[in-house]
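Below you'll find the structure, written out as structure tokens, and then a few comments.
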Amino acid sequence: MYKATLQHGGKTYTYHDIGQIGEDRLKRLPFSIRVLLESAARNCDGFQVSQADVEKVASWSPAAADAVEVPFKPARVLLQDFTGVPAVVDFAAMRDAVKSLGGDPQKINPQCPADLVIDHSIQVDFNRTTEALERNQALEFERNQERFRFLKWGSKAFRNLLIVPPGCGIVHQINLEYLARLVFTDQSVLFPDSLVGTDSHTTMINGLGVLGWGVGGIEAEACMLGQSMSLLLPEVVGYKLTGTLSSLATSTDLVLTITSHLRRLNVVGKFVEFFGPGTGSLGIADRATIANMCPEYGATCGFFPVDGASLAYLRQTGRSEETLALVEAYLRANHLFRNYADAEQDPQFSQVVELDLGQVVPCLAGPKRPHDKVAVSDMKSAFESALTAKVGFSGYGLSAERVSGSARFQFDGTEYSLTHGDVVIAAITSCTNTSNPSVMLGAGLLAKKAVEAGLAVKPFCKTSLSPGSGVVTFYLERSGLTPYLEKLGFSIVGFGCMTCIGNSGQLDSSVGEAIESADLVVAGVLSGNRNFEGRIHPLTRANYLASPPLVIAYALAGTVRIDFATQGCRAMHTNVAQSDSVTTDHISPAGNIARNSPAAQYLTSRGIQPAQFNSYGSRRGNDQIMARGTFANIRLVNRLVANPGPRTLHLPGGEEMSIFDAAERYRQAGSPVVILAGKEYGSGSSRDWAAKGPWMLGVRAVLAQSYERIHRSNLAGMGILPLQFLPGQSAESLGLTGRELISVSGLSGDSLKPGCLLKVSTDSGLEFQVKCRFDTEVELEYYRHGGILQYMIRKLI
């Protein structure tokens, strides 16, 4: 549909001209919706995508009240880790398949499937030497040589498969610097670059003007097999930026401010599209930082339409002038290029919110969630208030007597003292901030000033620098700042997801013992995007997200109980009951494997020594490990037991045991399991094991007050029934304790529809209605087949 031609450079190209819907209709469409429209028109085959589907997208309205289901076929799929492989891997079948395709299966060993994993992160202890990078990369190759061989074979055996080698950087920054094209050319057909990726921070690419978002590996597998994605035509929130940032504010301060703002507005399941004159003042690095943290503010994507800055970035990162000219010509011809200074180009939005960039102040986020913003000027008072506040997202419930607690310990022959708020981990890390030269150079300049002034970081504080790509190393070295960072302990230890995902390695045993002996609330400060409980390190109960310069500053201070500013207003926090915001890090941790955990016991039984346990993230190719790691977070709050941790009661007897052991008993008895949860269930990473793991533990339904978008979709893809309490209702308000036998009626026949109401009854006689959170007919079809993979296999057969 809408076919047209473009003459450029002596060649004739074809494209699908979305302007053919009419100028008035097109002008009101947000630029993100225009990308969906082009995809629908180009892929219209009368089967997966019909003319009616194209018309649905073209008829997008900011006032639409009804849910409209539309298909979407992205231009490409970005895979990270082992998320492109089914939950239970049949290694014998995989070896046979590899052999039948003419490849060399190498050492795919069914006796030790844990070795065949894909994880770009590096799980080793960091140290303060210039050899840290080489040491860590050598260990990565040693531990993962089998999967590297397998991936290298795959890169040669399959068409349209590109493998980015280990040691290059974080996939999202590589995507921005190298993989993104803005416009694809396929046999003289031009179309916009778009993608889905198996990590929630895939959204970073929207900063360049490429529409994309994170999905679970389950959904990505179907997409790679040619299945169009099904989504509800989203509301689009217009986020208007005006003014300019002050000289003291960084892009990190801006993104933490936007994250806090949009979380309060509840943009889950919506597109956010940035516009306004202030947007044009932001470079691509700043826009990418904002787009990257989209999962933290809850939207599907945070989109910056292509403008001149996008083309300048492509030029800066090595694209040819010929390519740039064709990209610009196509985008202008197809109404996908915009000028942020021209208000006449502003489309209609479902809702408009505004932020004056000049009002952004230096800030952090924490101590337990990325959207709980704290101004630097309020940091000291906010942390001290949190110590005695009620246990919750901003409270630790310490008595007045315990606030002054401390512990002394020996480190390298010198005695030190630790108290609440002391910084024991300081990391410049993650794809969010290390892609931005302004904040990275700012951190280097601060390090230079500190070294010249004779300042130092306490030697027991674990410091590290893990950039998103080698480009960072280049400009830090060329600017002469690397030696100053190394002097403070911020040596480059690798390129990949590290402290932000829990791969900081262990603290020195003397430090850990001191923390535990006095039950101290010590802190981690990192330039990451996630700080949920138990994610950064089991012993750092307070974790704050901050810009790279602030990481340096707090590392030098040695504590978060310091006021860097001269004045400010008191921070406000809202305490929420801690059964809310059960994250994918609670459900399926990616960090260290605790030595007393069921996963550790399994590894030990296979002859694996604790030093080789690695992390859950790097073991995610092994279903036996991941099943035992489900709900293994030491900060998980389960109201069936008294203390946080991966424990539960086996009912009806009431014996306390590990969650895995209880699940095994239920499985042997043939009893399916239901999870009762609060708000924002499944927030955090787009971790498909957070759906696969519960399915393997026998979970067949989840009943929550609300869900995060990707996790709800993953549950549907695994054949787990997502149910939602009606407004105003919760497990507490209905008197549910988790000890009941629960029955759900209406799951068979034509009465089961997306968004329908179902009846729930318990053995105590309680009856109430819940909402079925299958949001599309396609998700319902997946459920009826037992999951998306079963659906795809039957479709192929």
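See the values below:
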| quantity | calculated |
| --- | --- |
| Failed condition for LEU697, given (1) touching a helix residue (DSSP H, G or I) at 6+ places or on another chain (Cβ under 7 Å); (2) free of Cβ contacts under 8 Å to residues at least 24 places away in the same chain | (2) |
| Answer from PHE490, PHE495, PHE564 - the residue that is outside the structural domain of VAL457 (by the TED database) and over 23 Å from ILE634 (Cα atoms) | PHE564 |
| Selection status of ARG319, charged (D, E, K, R) and in a helix (DSSP H, G or I) | no |
| Segment 575-591: number of residues that are at pLDDT 80 or above and surrounded by fewer than 23 Cβ atoms within 10 Å (Cβ to Cβ) | 1 |
| Number of the exception - SER435 against (1) part of a helix (DSSP H, G or I); (2) open to solvent by 10 Å² or more (accessible area, probe 1.4 Å); (3) within 22 Å of ILE205 (Cα to Cα) | (1) |
| Only one of GLY442, GLY454, GLY358 that is open to solvent by 10 Å² or more (accessible area, probe 1.4 Å) and either charged (D, E, K, R) or in a loop (DSSP other than H, G, I, E, B) (or both) | GLY454 |
| Unique residue being modelled with pLDDT of 95 or more and over 29 Å from the mean Cα position of the chain (by Cα) when the list is LEU326, LEU336, LEU355 | LEU326 |
| Enumeration of residues in segment 22-52 that are assigned to a helix (DSSP H, G or I) and either at pLDDT below 95 or open to solvent by 30 Å² or more (accessible area, probe 1.4 Å) (or both) | GLU23, ASP24, ARG25, LYS27, ARG28, ARG42, GLN51, ALA52 |
| Among (1) at pLDDT below 95; (2) buried (at least 18 other Cβ atoms within 10 Å of the Cβ); (3) touching a Gly at 6+ places or on another chain (Cβ under 9 Å) - the single one ASP422 does not satisfy | (1) |
| Residue under evaluation GLN187, criteria (1) open to solvent by 30 Å² or more (accessible area, probe 1.4 Å); (2) at negative phi, criterion not met | (2) |
| Matching residues, segment 235-259, being open to solvent by 10 Å² or more (accessible area, probe 1.4 Å) and not acidic (Asp, Glu) | LYS240, THR242, GLY243, THR244, LEU245, SER246, SER247, LEU248, ALA249, THR250, THR257 |
| Residues of segment 259-282 satisfying the condition of being closer than 21 Å to ALA309 by Cα and in a helix (DSSP H, G or I) | PRO277, GLY278, THR279, GLY280 |
| Every residue from segment 478-526 that is of a type in the set (Phe, Trp, Tyr), open to solvent by 10 Å² or more (accessible area, probe 1.4 Å) and either touching a residue at least 60 places away in the same chain (Cβ under 8 Å) or in contact with a strand residue (DSSP E or B) (Cβ under 9 Å, 6 or more places away or on another chain) (or both) | PHE495 |
| Every pair of residues 6+ apart whose Cβ atoms lie under 7 Å, when the first sits in segment 42-57 and is closer than 21 Å to MET792 by Cα and in contact (Cβ under 8 Å) with a residue 40 or more places away in the chain while the second is polar (S, T, N, Q) and assigned to a helix (DSSP H, G or I) | CYS44/GLN51 |
| Test: ALA427 is touching a Ser or Thr at 6+ places or on another chain (Cβ under 7 Å), touching a residue at least 40 places away in the same chain (Cβ under 8 Å) and in a strand (DSSP E or B) | yes |
| Number of the exception - GLU296 against (1) within 21 Å of LEU29 (Cα to Cα); (2) out of contact with any Leu (no Cβ under 8 Å at 6 or more places or on another chain) | (1) |
| Flag for THR540 being at pLDDT below 85, buried (at least 24 other Cβ atoms within 10 Å of the Cβ) and within 26 Å of the chain's Cα centre (by Cα) | no |
| Yes/no for ALA299 being within 24 Å of CYS497 (Cβ to Cβ), of a type in the set (Gly, Ala, Ser) and in a loop (DSSP other than H, G, I, E, B) | yes |
| Residue within segment 662-673 that is touching a residue at least 40 places away in the same chain (Cβ under 8 Å) and either of a type in the set (Val, Ile, Thr) or open to solvent by 10 Å² or more (accessible area, probe 1.4 Å) (or both) present | no |
| Conditions (1) crowded, with 19+ Cβ neighbours inside 10 Å; (2) in contact (Cβ under 8 Å) with a residue 24 or more places away in the chain; (3) of a type outside the set (Ser, Thr, Tyr): number failed by GLU322 | (1) |
| Residue check, ALA291 under 17 Å from LEU195 (Cα atoms) and outside any helix (DSSP H, G or I) | no |
| Unique residue being closer than 23 Å to TRP213 by Cα and surrounded by fewer than 20 Cβ atoms within 10 Å (Cβ to Cβ) when the list is LEU780, LEU741, LEU752, LEU766 | LEU780 |
| Sole exception among (1) modelled with pLDDT of 95 or more; (2) in contact with a helix residue (DSSP H, G or I) (Cβ under 9 Å, 6 or more places away or on another chain); (3) among the aliphatic types (A, V, I, L, M) for VAL268, by number | (1) |
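Conditions tested, residue by residue: (1) under 21 Å from ASP623 (Cα atoms); (2) of a type in the set (Phe, Trp, Tyr); (3) open to solvent by 50 Å² or more (accessible area, probe 1.4 Å).
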position	(1), (2), (3)
PRO652	no, no, yes
SER658	yes, no, no
ILE675	yes, no, no
SER685	yes, no, no
ALA716	yes, no, no
LEU723	no, no, no
GLY728	no, no, yes
LEU734	no, no, no
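For (1) part of a strand (DSSP E or B); (2) farther than 25 Å from ASP378 by Cβ, each residue gets a yes or a no:
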| residue | (1), (2) |
| --- | --- |
| CYS500 | no, no |
| ASN503 | no, yes |
| VAL511 | no, yes |
| GLU516 | no, yes |
| VAL525 | yes, no |
| ASN531 | no, no |
| HIS537 | no, no |
| TYR544 | yes, no |
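The values are calculated or read from the model by the stated rules, or taken from the named source; none is laboratory data. Here the structure is a predicted model, which is why all the values come from computation and not from measurement. When we count neighbours, we look across all protein chains shown, and the Cβ atoms used for this are built from the backbone with ideal geometry, even at glycine. Note: accessible area is taken over every heavy atom of the protein model, side chains too, but ligands, DNA and RNA are not part of it. Shrake-Rupley method; radii C 1.70, N 1.55, O 1.52, S 1.80 Å.
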